[in-house]
Amino acid sequence: MGRGAFIVFEGLDRAGKSTQVSMLTDALRERGVAVQKQSFPDRSTAIGKLIDDYLTKKVEFSPEAAHLLFSANRWECKDRLIKSLEEGTTLVVDRYAASGAAYAAANSGQTLEWCSQPDRGLPAPDLVIFLRVGEEEQQKRANWGEERFERVETQRKIGKNFDRLADSRTWFGVDAQRDKAAIHAEILERVLKAIHECADQSPLEN
Ligand code: DGP
Ligand code: NA
Ligand code: NA
């Protein structure tokens, strides 16, 4: 049996990732694909609770310390993610290591290279779906500006970092300012192709 595909959604805040993650997961399930949804940060774990307090500004950490917590939150899920993929389950993940590097570099002033280091050794995504949304559209969306990184200047820096991280082999950019159904249709087509390719592959490459 082949392995599942590791699909990651990335983008700035309010790009519509969680909506598209849910639409994709439902559509795959309807097609009989074994699929699991995962969101990072995973705020339900002990480390995730600290991250939630940090994002909602209840506690302060130095940028580097915060970065290592976000990375630890991915590391604590590593074995479970790998097990699912090896069992043939496709993972649809809302943010992953690229968010880690892009946000931490904007927040700390450390280089992208430095910020990428803590996540090295985690399983690599097969496909990164990058949702593009403009500044104006982003700010119009619900609850904008409440959490720690939701400021225009910060988002601009993060956007530039994502552009530098984009890897043409695995990244698929999507215009996320169209209607939800059109965005979903484009993503679904690309993801079905990735699932098909991964079904012929085993085991996981790092
Ligand atoms: P989300 O729940 O996906 O909207 O993420 C919450 C916020 O945390 C969002 O502003 C993006 C940011 N974030 C996600 N992952 C990381 C990370 O690994 N490092 C840092 N510094 N920020 C992150
Ligand atoms: Na957010
Ligand atoms: Na997330």
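When only residues in segment 128-173 that are open to solvent by less than 40 Å² (accessible area, probe 1.4 Å) and assigned to a helix (DSSP H, G or I) count, which is farthest from A106 (Cα to Cα)? Of everything passing the filter in segment 128-173, Q138 is farthest from A106 (Cα to Cα). Taking the criterion of being in contact (Cβ under 8 Å) with a residue 40 or more places away in the chain and either in a helix (DSSP H, G or I) or within 16 Å of ligand 3 (Cβ to nearest atom) (or both), the residues of segment 29-38 that qualify are Q36, K37, Q38.
If you go through segment 17-38 and keep only what is open to solvent by 30 Å² or more (accessible area, probe 1.4 Å) and of a type in the set (S, T, Y), you end up with S18, T19, S22. Between D13, D26, which is assigned to a loop (DSSP other than H, G, I, E, B) and at pLDDT 95 or above? Sole residue among the options that is assigned to a loop (DSSP other than H, G, I, E, B) and at pLDDT 95 or above: D13. Taking the conditions (1) surrounded by fewer than 19 Cβ atoms within 10 Å (Cβ to Cβ); (2) not in a helix (DSSP H, G or I) in turn, P41 satisfies each one other than (1).
Listed by position, the helices (runs of 4 or more DSSP H) inside segment 51-119 whose residues that are among the aliphatic types (A, V, I, L, M) and touching a helix residue (DSSP H, G or I) at 6+ places or on another chain (Cβ under 7 Å) number at least 3 are 63-75, 97-108. If you go through segment 55-70 and keep only what is open to solvent by less than 30 Å² (accessible area, probe 1.4 Å) and within 14 Å of ligand 3 (Cβ to nearest atom), you end up with just L55. If you filter segment 71-117 down to residues that are open to solvent by 20 Å² or more (accessible area, probe 1.4 Å) and of a type in the set (F, W, Y), you find that the one that is farthest from K157 (Cα to Cα) is W75.
The values are calculated or read from the model by the stated rules, or taken from the named source; none is laboratory data. Quick caveat, the model's predicted, so the values are computed rather than measured. In this analysis, Cβ positions are derived from the backbone assuming ideal geometry, glycine residues included, and neighbour counts consider all displayed protein chains. Surface accessibility is based on the protein's heavy atoms, side chains included, excluding ligands, DNA and RNA. Shrake-Rupley method; radii C 1.70, N 1.55, O 1.52, S 1.80 Å.
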